[in-house]
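Coordinate-derived values only; no laboratory data. Just so you know, these numbers come straight off a predicted model, no measurement behind them. Here the Cβ positions follow ideal geometry from the backbone for every residue, glycine too, while neighbour counts run over all protein chains shown.
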Amino acid sequence: MNTISPSPLSENRRDNHKQIVVSIFEEKDTEEYQRFLLTMAGTGMATFEYTLEWKEIIQKHFGFTPYYLLGKDEHGQIVGVLPLFKAVSIFGKRFVSTPYAIFTGILANDEETAKELLNYAKRLAQEQQVDFLEIRERPVSFRKDKNSFNALSTEQGFPCVKNVFNFSLH
């Protein structure tokens, strides 16, 4: 399904930075994925739209192709996720972070992981030749932790319209 090799996307990092490897979800990741979601549920950021059950519903009943991106640390533990679905319609092809959901953007332990997930998503979108990469981030006003970061807030080139971010690939 995927020809992009797992990252690390930034190989010239200094040794004091952690190594994040991004890959696409596989069945062997199920237990670790669910553990990560349980951990993030306490932050108020993980909602049911991030669950694997929701992934199956969207895939089975609406025909979208899932590409759940996982950021893993040097120990293989998941430290960030980005649920993406490929949507094809008369309007073209796009990646969307969970159709029929309002906020299911990047969920990560830190900004570095979030940026790696975003960079991988951009590369995947270019490889898949989609017209748009739509990442639906939760605005700060809806977060329990008002100091938590928004992965796209510092990203250049993302116009924001009512907290839905569209990145045109053309």
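Brief remarks on what is shown
- Within the range 49-64, backbone nitrogen closer than 18 Å to the virtual label 7 Å beyond the Cα of I102 toward Cβ: 49-51
- Residue-span extension gain [H75 to Q59] - 0.36 nm each, minus C-alpha spacing: 2.7 nm
- When you filter the chymotrypsin sites (Phe, Trp or Tyr not before Pro) in the range 25-124 for DSSP loop state and at most 11 other Cβ atoms inside 10 Å of their Cβ, you are left with F91.
- FRET efficiency estimate (nearest 0.05) - Cβ-Cβ, E26 to I90, R0 35 angstrom: 0.65
- For Q77, neighbours were defined as the other residues whose beta-carbon sits under 14 Å from its Cβ, and their charges (Lys and Arg +1, Asp and Glu -1) total -2.
- Cα gyration tensor shape for the range 19-117, rounded if a/c is under 1.5, else prolate or oblate: prolate
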